[in-house]
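Before any comments, here is the structure.
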């Protein structure tokens, strides 16, 4: 009887293993949310609050806005153009967001133009931004109040937007805070 019980258990075990079990259906994958930049308008501006130069900038400008960069699309991909040490460069927006996530004591705001830029305006803005790539970063023009061979962040962004004809840039007088204030009637914020 003992052998019969073991045989029955063995047969049941083999039958259990040989049965084709239908796995439970996997839940449908969640839709991938569109990237933050999916609807970001060409010519948007990124402003920072905080960072290494927050103290001196606040002292000289009475503004907590410490940096500016501009977003321009190329072949459907958004790039951020900015003047930072050692020189003006551009980086894909997705990579820029990754870099921003690592920053400590920095918050950022994206402002989009209320009215989209026309094709000709964007072409002029992009041509100017591209022509500035590699130009040295220098705050000396701002501190000394005269034009130098280098450029700083808000000077670059103001000059790029000026090519659209919508604003008159402040050149070496354009602080990140003054540019932010200048764009308020023309741009909408996106924290």
From the list 163, 102, which residue is more than 17 Å from residue 47 (Cα to Cα) and out of contact with any strand residue (DSSP E or B) (no Cβ under 9 Å at 6 or more places or on another chain)? 163
Output for the stretch 157-185, where each listed residue is within 21 Å of residue 73 (Cβ to Cβ), touching a residue at least 24 places away in the same chain (Cβ under 8 Å), more than 19 Å from the chain's Cα centre (by Cα) and buried (at least 16 other Cβ atoms within 10 Å of the Cβ): 159, 163, 164, 166
Among the residues of the stretch 82-93, what is the count of those that are surrounded by 14 or more Cβ atoms within 10 Å (Cβ to Cβ) and either within 13 Å of the chain's Cα centre (by Cα) or part of a loop (DSSP other than H, G, I, E, B) (or both)? 5
Whether any residue in the stretch 116-136 is closer than 19 Å to residue 67 by Cβ, surrounded by 15 or more Cβ atoms within 10 Å (Cβ to Cβ) and free of Cβ contacts under 8 Å to residues at least 12 places away in the same chain is what I want to check. no
Would a scan of the stretch 16-39 turn up a residue that is in contact with a strand residue (DSSP E or B) (Cβ under 9 Å, 6 or more places away or on another chain) and at pLDDT 70 or above? no
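The values are calculated or read from the model by the stated rules, or taken from the named source; none is laboratory data. Computed from a predicted model, the values in this text were never measured in an experiment. Note that each Cβ is placed from the backbone with ideal geometry, even for glycine, and that neighbours are counted across all protein chains shown.
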